[in-house]
Amino acid sequence: MLEGADVKGVITRTDLLEAMHDDLGRTKSFEGVVKGEDTPQGKVRNISELMKEILDARTRRVLATAGQVAEESGYRAYLVGGLVRDLVLRRRNLDVDLVVEGDAIEFSRTLSRRLKARVRPHRKFKTAVVILKDGFKLDVASARTEYYEAPGAHPMIERGSIKLDLYRRDFSINALAIRLNPDSFGQVVDYFGGLRDLKDHTVRVLHNLSFVDDPTRIVRAVRFEQKFQFRIGKHTEYLLKGAVKRGYLKRAQGPRLLNEILVILRSEKPIRGFDRLHELGILASLHPGMAFDSRTRKVFEQVERIHSWFQLLFLDEEPDVGEIFFNAIMLLRSAEVRNEILGLFHLSEPRQRSITARWDTISATMKELAYADEQPLSRIARLLDEVQTEDLLLIMSLTKRESTVKAVSLYLSRLRFIRRELDGKGLRQMGYPPGPIFRKVLQATQDARVDGVVNSLAEEKRWVRENFPLEKGQGKGKKGGGK
Ligand code: ATP
């Protein structure tokens, strides 16, 4: 009974929120932000000591210079985004994002002159990237004012303000800024209770329409909750569930949504993240086929095991596990369902084609590998040479055949590193006239080496002479002399 009333409440409230969305709701709270209502800053906290402790000398120097340049230009500059949040959490983060109340491009030009750096402006977005000589980058944006520039609305202020810029952000923990101008360097700007939420381990939206404004935030809420082991706030969870129930996720910008899902899949604990997405009904609301059922969960566990095994090989290769998990979900679905799911992400034609081509390659490779036991190693190597590492690890995770696991693991740990020593130059020296036959002979030599038929350059040469005998008259006088 109570539950029924609750559900009804959700719908009514969300209906109301939606109705308010384009007029009253946003305008009112937005005006509140402009006037500074209900957003007392309280005690000013200065974290310059923490910055000294956590940030490296170069970043500190760049930030101080940015503050000086802003001061000289009559602007105010702020450090914003994930780095501020992570500073307070004492976590390392290398993404330096600045916001200036002023012209970001002009500011970036002056800053880059001062830092002897390059600048890459993006006029359309009024942003710039400053690139230091050692490759270190920082992003600079002008404080946003977009709410004012909506059709018909008169701009109330000329310049964007940091407060508006922060108000557009997703969660209070991401809506903190640090002042960089020399008079206030290190002061935290906290209009929305971000510091308190960091302390309480809470992910909280800034206003009731946040998930309506941008449904990708539904997945982002879970991403941050899981990343920091926080909890989505009670009211925020209520709003999130309302938005999920109403299918807002389908309105999200597809590629960004996929990206957020991949970020969770690349995180430290993707299974926990997906359990939570599942629990909140997020996956099923995207597509019933996305539901995190026990079969998919088991394959995820297998992917984790296989990935750990791969890491133990200590190769200089870091496969994208997010892709492995994502394709695992897809390959457990019928072709029809997975194409429907892929369609939800509105990817570009070429990207869609490359994803489906990969699925086809994986399926075809698994079929071929069913006969791995009866095939020479060279054939397995040739087959797997065409498949990328992520997909090989996925095949190992998906297959039920011991022989397939054995073949792929042998390839990954040994076969793919085997290289013949004989080359075209060597063949010429042996007296073989250059021509299309070279490719064939060299490939055959490679196969012989993989199969263990030959194990040195001398053996390779002997083997080639036996298997590709020179015709009479060929090779004379060329031995050791050809180029
Ligand atoms: P991480 O360190 O995990 O990448 P991050 O906070 O840097 O976290 P990004 O996705 O790079 O995450 O976003 C950078 C900043 O941009 C965020 O801190 C947030 O303030 C803002 N932001 C990003 N996406 C959104 C969004 N969908 N809605 C509102 N603000 C966003």
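The values are calculated or read from the model by the stated rules, or taken from the named source; none is laboratory data. The structure displayed is predicted, hence computed values, not measured ones. No Cβ is skipped: glycine too gets one built from the backbone with ideal geometry, and neighbour counts run over all protein chains shown. Protein only, heavy atoms only, side chains kept; ligands, DNA and RNA dropped before computing areas. Shrake-Rupley method; radii C 1.70, N 1.55, O 1.52, S 1.80 Å.
Given the options Val88, Val62, Val69, name the one that is modelled with pLDDT of 95 or more and within 16 Å of the ligand (Cβ to nearest atom). I'd like the intermediate steps shown before the answer.
Numbers: Val62 fails: within 16 Å of the ligand (Cβ to nearest atom); Val69 fails: within 16 Å of the ligand (Cβ to nearest atom).
The conditions single out Val88.
Looking at Arg85 and the list (1) surrounded by fewer than 21 Cβ atoms within 10 Å (Cβ to Cβ); (2) farther than 21 Å from Gly160 by Cα, which single condition is not satisfied?
All conditions pass for Arg85, except number (1).
Among the numbered criteria (1) within 12 Å of the ligand (Cβ to nearest atom); (2) outside any helix (DSSP H, G or I), which one does Arg223 miss?
Answer for Arg223: the failing condition is (2).
Looking only at the stretch 158-202, count every residue that is over 25 Å from the mean Cα position of the chain (by Cα) and under 15 Å from Gly102 (Cα atoms) and tell me the total.
The total comes to 10.
Might you check whether a residue that is closer than 28 Å to Gln253 by Cβ, open to solvent by 60 Å² or more (accessible area, probe 1.4 Å) and part of a helix (DSSP H, G or I) occurs anywhere in the stretch 313-332?
no
For Arg179, state whether it is under 30 Å from Gly74 (Cα atoms), more than 16 Å from the ligand (Cβ to nearest atom) and open to solvent by 30 Å² or more (accessible area, probe 1.4 Å).
Details: under 30 Å from Gly74 (Cα atoms): yes; more than 16 Å from the ligand (Cβ to nearest atom): yes; open to solvent by 30 Å² or more (accessible area, probe 1.4 Å): yes.
Yes: the conditions hold for Arg179.
Name the residues in the stretch 233-260 that are out of contact with any Phe, Trp or Tyr (no Cβ under 7 Å at 6 or more places or on another chain), more than 11 Å from the ligand (Cβ to nearest atom) and either under 23 Å from Phe326 (Cβ atoms) or open to solvent by 50 Å² or more (accessible area, probe 1.4 Å) (or both), would you? Before you say what the answer is, go through the steps one by one.
We begin by selecting, within the stretch 233-260, every residue out of contact with any Phe, Trp or Tyr (no Cβ under 7 Å at 6 or more places or on another chain); these are 233-238, 241-242, 244-247, 249-253, 256, 259-260.
Narrowing further to those that are more than 11 Å from the ligand (Cβ to nearest atom): 233-238, 241-242, 244-247, 249-251.
Selection gives Lys234, His235, Tyr238, Lys241, Val244, Lys245, Arg246, Gly247, Leu249, Lys250, Arg251.
With respect to Gly160, is the statement that it is crowded, with 21+ Cβ neighbours inside 10 Å and at pLDDT below 95 true?
Numbers: crowded, with 21+ Cβ neighbours inside 10 Å: yes; at pLDDT below 95: yes.
Judged against the criteria, Gly160 is a match.
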